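*Asks:* Got a structure for you, written out below as structure tokens; questions coming shortly.
The values are calculated or read from the model by the stated rules, or taken from the named source; none is laboratory data. From a predicted model like this one, the values you see are computed outputs, not experimental measurements. Positions of Cβ are generated from backbone atoms using ideal geometry, with glycine treated the same way; all protein chains shown enter the neighbour counts.
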Amino acid sequence: MNCKKSIICALRTVSLCVVVAISVSTFANSEELGEPEKEELKFGFIKLTDMAPIAIAYENGYFEDEGLYVTIEAQANWKVLLNGVIDGTIDGAHMLAGQPIAATMGYGTKANIITPFSMDLNGNAITVSNDVWQKMKPSIPKMNDGRTVHPIKADSLKPVVEQLKEQGKPFKMGMVFPVSTHNYELRYWLAAGGIHPGFYAPHKGDTSGQIDADVLLSVTPPPQMPSTMEAGTIHGYCVGEPWNQQAVFKNIGVPVVTDYEIWKDNPEKVFGITAQFAEKYPNTTIRLTRALIRAAKWLDDNNNANRPAAVKILSQSNYVGADYDVIANSMTGTFEYEKGDKRAVPDFNVFFRYNATYPYYSDAIWYLTQMRRWGQISDDKSDQWYKDLAAKVYRPDIYTKAAQSLIADGTISASEFPDFSIETGFKAPQQHFIDDIVYDGNQPNAYLEKFKIGLKNGEKL
Amino acid sequence: MSLSAVKINSSTITERLIKVAKNTLNKVTDMMLLPIVGITIFLFVWSITAQSIHTSLGEFPGPNAVVKQFSSLYDEHVIEREKAEAFYNRQEKRNAAKLAKNPDYVTKIRAYTGKETFLEQIITSLMTVTAGFIFAVIIAVPLGIWMGLSKRINSAFNPIVQIFKPVSPLAWLPLVTMVVSALYVSDDPMVSKSFITSMITVSLCSLWPMVINTSIGVSTINNDLLNVSKVLRLPTLRHIQKIVLPASIPMIFTGMRLSFGVAWMVLIAAEMLAQNPGLGKFVWDEFQNGSSSSLARIMAAVIVIGFIGFLLDRVMLQIQQKVSWDKSS
């Protein structure tokens, strides 16, 4: 090799290095999150405080940071909202955890809805009218200062229900949707106190959920709960905030128990999109999940320090629109039961702590067990069936991608998330239920055997 | 002689003057004073009764509370405009950054994604009602002329018209909603589904007065005019153009005026349910919010709805009088 050639050689090596370097860097770039495929999006919500992550992601510009131009629109009720997502008039929505599960299963309208993001924990309560409260109160144990001991169990409601039954009048309560968290929570609370909330029998065409019922449950949209109870159509209801606190403010009813007391840190709303949307617009899906995670984190940052600012946003007429004080009551960590009986419930609304945003399979399976318990699922299913359906709806894989990209660009530290390398999507057996029954998401059928009231293996109506 | 004549003259002049003065005074009292008195009494009764109605959302709003809401609605509009401005600025910067990164990127300016303000909702409502009304005119007038021209067709269609005429928009709406969402499918729709739904509902309800009036107007054309047409042997289209239309225009416009009134009333209900971002949605949203100012805001909307309805009717009346050759009707 002569000198000339060696120079050329050297040049060649250098250029080769450059080429390699460039290709490596482009490879790294392709790992980075791409531009959103769909930039203009419309999200729906129901006027409840737990829609906060969507409002915050918009108002704080997190959606815009992802290059997403989002319009947020209140929907009339849960059915309209679900239909909107299915027919594509809205791209995604604040949904009841049971809605994507039921839709994918084909209970009600069939459509494969998925959720990459769980919106919050807790946030609901059960309220009864003043009249019912006066009748319940004598049988509730009191503390030294005269206030009632919490949690209040449905045992104290039982005599009131029986008394009405003897007079031949039905005891009626409102919940927000047949597959809503509220329906299952209300049923759980009633059944734990020995009151039968009624079975569904969809295979016989009976979707009223009132077979064998001591208490008749029916659907009322959340914002109309207080006025429906005031009109005397229902004696009580289970709903999210601010509609329980509003009953206190309006002096028409008393919240008796929060869902935090029925099941500590129960999963509540989810963000639902169709499976087709996630498939067609993968970058958009990850990006909107990123924005929502950031919003949830902001809501819980520094021990709820941002909550007053969040309440101010939520009280705008285009979001929840109720008075600041009403929303602030529960959002800022207190809850007013009987008028004047304000107690600290720091975890009444949890948006980010305790991995609240991660879509756990075990959460989906809990909803499925309750659907089976009350007959919405008519037949026995294997444990594997529960797990397969949960995996079809809950998508921690999308969540993980969004979270990892947030960790990679330094927005949120890895310690704020579950350890993705070992996370299975199943929470350890959970104990904090009002009736002390332990729930293990790995064994749904065994769990169903533990309930006194409810369908068990082999039972069909 | 001449003196007495002057006297008579002057006395008649003063008499006339007094008469004119009296007339104008009467007119002024009729036109201005009496309405003012009426409104004052109404405001008085309103504020008294409002104080004694206690709802679970607080006191029923009196005139004061409503006026306050008007100004706060305007303030909200101004704030929202500023936010929109900032939104466009941010978007421009973002687009520029994207363009710098990727020269092939096709920039697109997106409309502001924030909430509609009260003023914008009024405009949406006006646009929806006008669109629905025009759609109704396009169907109703030809149908009415056709029915008016032939007794047989009239008796064939009349029962249908009579049956559909009293149907409430609320009954139509679920059907319209489902049909629209089934048929109106597009990736990049020009207008939203809720707009189409409310518009068609408005059309369906405002169609009938126009059909009936047009057909009556056409069927009651003076026989002399019809005979002229017969003598001249005008072909059908010429007959309609030269004889039927001019002769029945007053009735057609009477029908239109009635229809427009119906359309405006129906619109509010349709928007409430279809969630079209107009005044109906405003009322519904405020009702759902249940905040302490909700009732006052709804009352403000009620006044605006009434006022616009009144203005629209005046405009239609003016047009009706302009096109009518019989100025006395």
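*Asks:* Do you know which residues across segment A:60-72 are buried (at least 20 other Cβ atoms within 10 Å of the Cβ) and within 10 Å of chain B (Cβ to nearest Cβ)?
*Replies:* First pass over segment A:60-72, keeping only residues buried (at least 20 other Cβ atoms within 10 Å of the Cβ): A:62-63, A:66, A:68-70, A:72.
Selection gives A:PHE63, A:LEU68, A:TYR69, A:VAL70, A:ILE72.
*Asks:* Name the residues in segment B:278-290 that are within 8 Å of chain A (Cβ to nearest Cβ), buried (at least 22 other Cβ atoms within 10 Å of the Cβ) and more than 12 Å from B:THR55 (Cα to Cα), would you?
*Replies:* Within segment B:278-290, B:ASP285, B:GLU286, B:ASN289 qualify.
*Asks:* Now for a different question. Those residues that are surrounded by fewer than 24 Cβ atoms within 10 Å (Cβ to Cβ) and of a type outside the set (S, T, N, Q), I need them from segment A:116-132; list them, please.
*Replies:* Passing the criteria: A:ASP131, A:VAL132.
*Asks:* Are any residues in segment B:285-311 under 19 Å from the mean Cα position of the chain (by Cα), closer than 30 Å to B:THR113 by Cα and hydrophobic (A, V, I, L, M, F, W, C), and if so, which ones? Reasoning before the result, please.
*Replies:* Step one: list which residues in segment B:285-311 are under 19 Å from the mean Cα position of the chain (by Cα), which gives B:298-311.
From the residues that got through so far, the ones that are closer than 30 Å to B:THR113 by Cα too are B:298-309.
B:ILE298, B:MET299, B:ALA300, B:ALA301, B:VAL302, B:ILE303, B:VAL304, B:ILE305, B:PHE307, B:ILE308, listed by residue number.
*Asks:* Still on this structure: Which numbered condition trips up A:LYS297, out of (1) outside any loop (DSSP other than H, G, I, E, B); (2) over 27 Å from A:TYR360 (Cβ atoms)?
*Replies:* (2)
*Asks:* Name the pairs: first residue in segment A:304-319 and within 14 Å of chain B (Cβ to nearest Cβ), second residue surrounded by fewer than 19 Cβ atoms within 10 Å (Cβ to Cβ) and of a type in the set (Phe, Trp, Tyr), Cβ to Cβ under 7 Å, at least 6 apart or on different chains?
*Replies:* If the second residue must be surrounded by fewer than 19 Cβ atoms within 10 Å (Cβ to Cβ) and of a type in the set (Phe, Trp, Tyr), the pairs left are A:VAL311/A:TYR324; A:LYS312/A:TYR324; A:SER315/A:TYR324.
*Asks:* Which of the helices (runs of 4 or more DSSP H) contained wholly in segment B:140-245 include at least 3 residues that are surrounded by 12 or more Cβ atoms within 10 Å (Cβ to Cβ) and in contact (Cβ under 8 Å) with a residue 60 or more places away in the chain?
*Replies:* The helices (runs of 4 or more DSSP H) meeting that bar are B:169-183, B:193-219.
*Asks:* Residue by residue through segment B:108-129, note down the ones that are more than 21 Å from B:LYS193 (Cβ to Cβ) and within 11 Å of chain A (Cβ to nearest Cβ).
*Replies:* B:LYS108, B:ILE109, B:THR117, B:PHE118
*Asks:* If I filter segment A:100-115 for residues that are closer than 22 Å to A:GLU37 by Cβ, crowded, with 21+ Cβ neighbours inside 10 Å and within 13 Å of chain B (Cβ to nearest Cβ), do I get at least one hit?
*Replies:* no
*Asks:* Then there's this: Pull out all pairs, ordered by first then second residue, where Cβ-Cβ is under 8 Å, the residues are six or more apart or on different chains, the first lies in segment A:368-380 and is closer than 17 Å to A:ASN442 by Cα, and the second is among the polar types (S, T, N, Q).
*Replies:* A:ASP380/A:ASN445; A:ASP380/A:ASN457
*Asks:* If I go through segment A:211-221 residue by residue, how many of them are buried (at least 16 other Cβ atoms within 10 Å of the Cβ) and either polar (S, T, N, Q) or at positive phi (or both)?
*Replies:* 2
*Asks:* Moving on to the next point. Testing B:ALA84 on (1) touching a strand residue (DSSP E or B) at 6+ places or on another chain (Cβ under 6 Å); (2) at pLDDT 85 or above, one condition comes back false. Which one is that?
*Replies:* Every listed condition holds for B:ALA84 apart from (1).
*Asks:* Inside segment A:323-336, can you point out the residues that are within 14 Å of chain B (Cβ to nearest Cβ) and in contact with a Leu (Cβ under 8 Å, 6 or more places away or on another chain)?
*Replies:* Answer for segment A:323-336, where residues must be within 14 Å of chain B (Cβ to nearest Cβ) and in contact with a Leu (Cβ under 8 Å, 6 or more places away or on another chain): just A:ILE327.
*Asks:* Take the conditions within 14 Å of chain A (Cβ to nearest Cβ) and modelled with pLDDT of 90 or more and apply them to B:ALA274. Does it pass?
*Replies:* The answer is no for B:ALA274.
*Asks:* So, in segment B:52-78, how many residues would count as being within 13 Å of chain A (Cβ to nearest Cβ) and of a type in the set (S, T, N, Q)?
*Replies:* Total meeting the criteria: 4.
*Asks:* For segment A:150-255, give me every one of the helices (runs of 4 or more DSSP H) that falls completely inside it and has 2 or more residues that are more than 19 Å from the chain's Cα centre (by Cα), touching a residue at least 40 places away in the same chain (Cβ under 8 Å) and more than 14 Å from chain B (Cβ to nearest Cβ).
*Replies:* Where helices (runs of 4 or more DSSP H) fall fully within segment A:150-255 and carry at least 2 residues being more than 19 Å from the chain's Cα centre (by Cα), touching a residue at least 40 places away in the same chain (Cβ under 8 Å) and more than 14 Å from chain B (Cβ to nearest Cβ), they are A:158-166, A:181-192.
*Asks:* Give just the number: which of (1) within 19 Å of A:VAL239 (Cβ to Cβ); (2) crowded, with 21+ Cβ neighbours inside 10 Å; (3) not basic (Lys, Arg) does A:ASP325 not satisfy?
*Replies:* Condition (2) is where A:ASP325 drops out.
*Asks:* Among A:ASP120, A:ASP50, A:ASP87, A:ASP131, which is under 28 Å from A:ILE327 (Cα atoms) and either within 14 Å of another protein chain (Cβ to nearest Cβ) or over 21 Å from the mean Cα position of the chain (by Cα) (or both)?
*Replies:* Criteria check complete, one pass: A:ASP131.
*Asks:* Still on this structure, I have one more. Just give me the residues in segment A:35-47 being farther than 17 Å from A:GLY321 by Cβ and basic (Lys, Arg), in sequence order.
*Replies:* Selection gives A:LYS38, A:LYS42.
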